[in-house]
Structure formats: structure tokens, C-alpha cells
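Peer 1: Structure in C-alpha cells, see below.
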């Protein structure tokens with residue numbers, strides 16, 4: 001497997017220690033194979049779609065090949081569009097701008113803000129106590145809607161790592177004549193995704209969580225809504241002709257990718273997809289082993305409590321959020337960094353309503369009701385990283 005770039009960090013007293021990066025859910029480090037793909041593209045880098053020169057032709061081919069690679073990685077249908085965006089938030093905002101008039105959006109309060117906030121006046125559903133309740137709540141909400149509807153849901157929670165029943169939710173949405181949009185930002189670095197097999201309408205994800213931190217993400221899905229929407233940005237590349245009025249391209253990719261796109265970001269994202277596709281068996285088995293080690297270790301420490309929405313045996317990806325009795329999340333995270341060279345995330349993880357629900361703190365403000373600590377693993381995580389975290393938690397609990 002492709003290695004990650006190593007990093008030594010200072011700890012209290014001035015020593016340098018190998019960094020234990022347990023913050024993959026925020027942004028994953030760059031794979032060496034991704035870095036190499038970008039470096040290989042730089043000598044011939046040029047504009048895309050608009051030049052007859054050799055460098056422009058080579059760069060255009062690489063850009064469009066990246067689109068093809070990423071569609072294959074996500075199991076997209078042959079006629080699906082793939083619009084390159086900056087990240088998941090950008091992709092979901094693009095989709096929000098593309099909804100047919102009168103569309104009602106249904107979304108759970110367990111969502112990341114990227115999928116909770118872009119919609120005007122959505123129907124918001126309470127966190128379900130178990131997966132079957134998620135299906136029931138979505139069924140009831142969609143049954144009450146007249147006209148076009150969109151169900152928006154995460155594939156894997158960025159707070160708990162729990163996998164959501166997206167296949168069942170897609171079936172329910174389609175039974176009601178609705179569509180489903182899935183936030184796959186936390187799924188695609190950890191598990192394969194097959195849009196066609198799951199019958200998903202739209203999927204969004206970010207390169208910076210997929211070992212390709214070069215500023216690109218993607219929205220993949222059905223062409224019709226995107227082809228009929230106002231261009232996300234208006235400018236060069238999005239138009240077929242300009243006179244007194246602009247004649248916009250009916251191709252969704254061109255229509256919503258005005259200006260010079262992030263070619264290197266797209267190439268990086270495709271290289272990460274290639275790496276994962278070639279190594280899924282190893283990635284998944286190693287992650288599940290390390291995740292089991294982490295969760296068992298946390299469960300054995302008095303005063304440290306894992307947060308979860310559903311039963312402990314529910315499938316999840318390599319994300320664990322927890323609280324330490326008597327210590328604020330920020331204090332714990334700062335101690336882990338300053339004394340042990342461990343990187344974690346603390347706070348509400350851009351999922352304020354969900355974290356408040358898990359903590360039982362009601363509707364408090366952003367800084368009034370604390371937060372949690374999140375440890376997340378991925379390619380490059382080791383037994384030593386997990387054991388160092390557990391030892392540090394035992395010392396501070």
C-alpha cells in the first residue's frame with residue numbers, strides 16, 4: 001500500500017515524537033501516490049477544454065479521465081453527471097440550487113451542517129433511536145408531502161461513525177416518488193460505494209477526507225435536475241454562446257464548472273480513488289481491527305464514555321467520539337496534543353444538533369454546552385497510535 005508522509009511533532013519538554021494522527025474524519029493526510037500523481041501532472045499543466053496546444057490537450061485528457069475514474073469508483077450509472085466541486089458543502093449547496101420549484105427537503109437532525117443547512121425550510125426529523133425508526137420516520141414524512149421531495153441523509157455519521165441504512169431509505173424515497181441525496185464524505189474513505197446498486201440519486205463527498213487534500217470534491221448523480229438548474233457560477237465554460245443573452249450549456253458538468261477548474265484537485269481525487277479501489281480488502285480489515293481495539297480500550301477506562309446513537313454492535317467506520325468525566329473536550333484534546341503528540345478533534349464536529357442530542361444538553365448555544373472528543377482512524381493508523389491514546393486517556397481520566 002502507498003505510504004503516508006511521516007511527521008514528527010514537539011511535546012511538552014521539547015522532545016519530538018512521531019505524530020499519532022487520529023483526526024482523519026476532519027481531513028485525511030495525503031497519500032504518496034496522490035502526491036506523485038499531482039507531481040506528474042505539473043510539467044504539462046495547462047487550461048482544459050479550450051486549447052489546441054499539447055499541454056492543454058494532455059491536461060484536458062487527464063481531467064476527463066479523473067471524472068471517469070471517480071464515477072467508476074462510486075459505481076455511478078453510465079448517464080450520471082459528475083460535477084467537480086470544492087467539497088461536500090459546496091456539492092450540497094449546488095444541489096440545493098438545482099432543486100425544482102416546490103421541492104420539499106426532508107433531513108435528519110443527525111446530519112453534518114453541510115447537509116443540514118443548505119435547504120430552505122426543510123422538514124427536520126429527530127434523531128432516530130434505532131435504524132428501523134429512521135426508515136419509519138422518513139416513510140411518514142415523505143408520505144405527507146405533495147409535489148417533488150428530496151430525502152437527505154448521511155451514509156456514515158461524522159460523529160459516531162455509524163452506518164445509515166441508505167439502501168432502505170432510497171427504496172422508501174422512491175416509493176413515494178421522491179429522490180435521495182447522500183452525504184458520503186465519511187463513507188468513501190472507509191468502504192466501497194455503488195450508487196447504481198444502492199439506487200441513490202445524488203452523492204456528495206470531499207477529496208480532503210479521501211487522502212487527496214487539494215481542494216476538490218464531487219457531486220455525482222442524475223443529470224436532469226442539474227441540466228435544468230441555473231448555472232452554479234456564470235462565466236467561461238458554462239456557456240455555448242454569448243450575444244445579447246447567454247446560451248447556457250445543457251451539459252451538467254460544463255454548466256456548473258464555469259471558469260478554470262481545479263484540475264490538480266480532480267487528478268488527486270482520482271489517484272486516491274485508484275489507490276483505495278486496489279486495496280479495499282486490506283483497508284477494511286485493518287480498520288476494523290484497529291477500531292475494535294480502540295472501542296474495547298475506551299470501554300475499559302472508568303470515566304470515559306463513547307457516544308453512540310444506536311446499539312454498540314451496529315456497523316460503523318473508524319470514528320469514535322467520547323467524553324471524559326470531569327474534563328472538558330478541549331482540555332482533553334490539548335493534553336493529548338501537548339503531552340503525547342496525538343491529534344484528535346474536539347467540539348461538536350459541525351453537527352451541533354446531533355452532538356447536543358448525544359450529550360443530552362438540549363438547545364444550548366455553540367459554546368455553552370461543551371462538546372466531545374473524536375478519534376478517527378484510516379490508512380497509516382497503527383496499534384501504537386491506538387495504545388498511546390488509550391494510555392493517555394487512562395492517565396487523564
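Peer 1: Among 279, 87, 158, which one moves the most in a GNM of the chain with springs linking Cα atoms closer than 10 Å?
Peer 2: Among 279, 87, 158, the largest mean-square fluctuation in the Gaussian network model of the chain belongs to 279.
Peer 1: Would you compute, from DSSP H runs of 4+ residues alone, the mean residue ellipticity of the chain at 222 nm, taking -39500 (n - 2.57) per run and dividing by the full residue count, rounded to the nearest 500?
Peer 2: Working: 13 runs with 152 residues, N = 397.
Rounded to the nearest 500, the figure is -12000 deg cm²/dmol.
Peer 1: Next up: When N counts the residues of segment 44-184, how does its alpha-carbon radius of gyration compare numerically with 2.2 N^0.38 Å, as a ratio? List each step's numbers first, then the result.
Peer 2: Details: Rg = 18.1 Å, N = 141, 2.2 N^0.38 = 14.4 Å.
This ratio for segment 44-184 stands at 1.25.
Peer 1: Let me ask something else. Relative contact order of the chain: what whole-number percent is it, with Cα pairs under 8 angstrom and at least 6 residues apart?
Peer 2: Details: 801 pairs, mean separation 89.7, N = 397.
Computed value for the chain: 23 percent relative contact order.
Peer 1: What is the calculated FRET efficiency for residue 133 to residue 230, with r their C-beta to C-beta distance and R₀ = 41 Å, to the nearest 0.05?
Peer 2: Computed FRET efficiency for residue 133 and residue 230 comes out at 0.65.
Peer 1: Between residue 7 and residue 64, what is 0.36 nm times their sequence separation minus the Cα-Cα distance? Round to one decimal in nm.
Peer 2: 17.2 nm
Peer 1: A further question on this structure: To the nearest 10 degrees, how steep is helix 383-396 against the longest Cα principal axis of the chain, on a 0 to 90 scale?
Peer 2: 50 degrees
Peer 1: Based on alpha-carbon positions alone, could you give the equivalent ellipsoid semi-axes of segment 110-225 from the gyration tensor, as √(5λ), descending, whole Å?
Peer 2: Here the semi-axes work out to 23, 16, 14 Å.
Peer 1: Round to a whole angstrom and tell me the spacing of the C-alpha centers of segment 36-102 and segment 337-354.
Peer 2: When both Cα centres are located, 32 Å separates them.
Peer 1: Further, regarding this structure: Any chance you could run the full-extension gain for residue 17 through residue 197? It's 0.36 nm times the residue separation minus the Cα-Cα distance, nm to one decimal. Spell out each step's value before the answer.
Peer 2: Details: separation 180, 0.36 × 180 = 64.80 nm, distance 4.49 nm.
Full-extension gain reported as 60.3 nm.
Peer 1: Further question: Between residue 50 and residue 109, with labels modelled 7 Å along Cα→Cβ, what's the label distance in nm to one decimal, could you check?
Peer 2: According to this spin-label approximation, the distance is 4.7 nm.
Peer 1: What's the ranking of 100-108, 260-268 by average number of surrounding C-beta atoms within 10 Å, highest first?
Peer 2: Details: 100-108: 18.1, 260-268: 22.9.
Answer by packing, highest mean first, reads 260-268, 100-108.
Peer 1: Compute from the Cα atoms of the chain the Rg and the Dmax, the latter being the longest Cα-Cα distance, and quote both in angstrom.
Peer 2: 21.7, 71
Peer 1: Can I ask one more? Tell me, what is the FRET efficiency for residue 289 and residue 314 to the nearest 0.05, using R0 = 22 angstrom and their Cβ-Cβ distance as r? Don't jump to the answer; show the numbers that get you there.
Peer 2: On the way: r = 18 Å, r/R0 = 0.82.
Calculated value: 0.75.
Peer 1: Please compute, over every Cα-Cα pair in segment 154-283, the percentage with a separation greater than 21 angstrom. Write down the numbers at each step before the final one.
Peer 2: Values: 4297 of 8385 pairs.
Roughly 51 percent, rounded to a whole number.
Peer 1: If you line up the Cα atoms of segment 299-380 on their principal axes, what length do they span on each, largest first, in Å?
Peer 2: Principal axes ranked by extent give 36, 31, 26 Å for the Cα atoms.
Peer 1: Measure off 7 Å from each Cα along the Cα-to-Cβ vector at residue 334 and residue 223, then give the distance between these two points in nanometres to one decimal.
Peer 2: 5.5 nm
Peer 1: On to the next question. Please compute the modelled spin-label separation between residue 117 and residue 78, points set 7 Å along Cα→Cβ, answer in nm with one decimal.
Peer 2: With each label point 7 Å from Cα toward Cβ, the separation is 4.1 nm.
Peer 1: Can you give the angle from 0 to 90° between the axis of helix 131-143 and the longest principal axis of the chain, with both taken from C-alpha atoms, to the nearest 10?
Peer 2: In the chain, helix 131-143 runs at an angle near 40 degrees to the longest axis.
Values quoted throughout were computed directly from the atomic coordinates according to the rules given, and no laboratory measurement underlies them. Since this is a predicted model, take the numbers as computed values, not measurements. For neighbour counting, all protein chains shown are included, and Cβ atoms are generated from backbone atoms with ideal geometry for every residue, glycine included.
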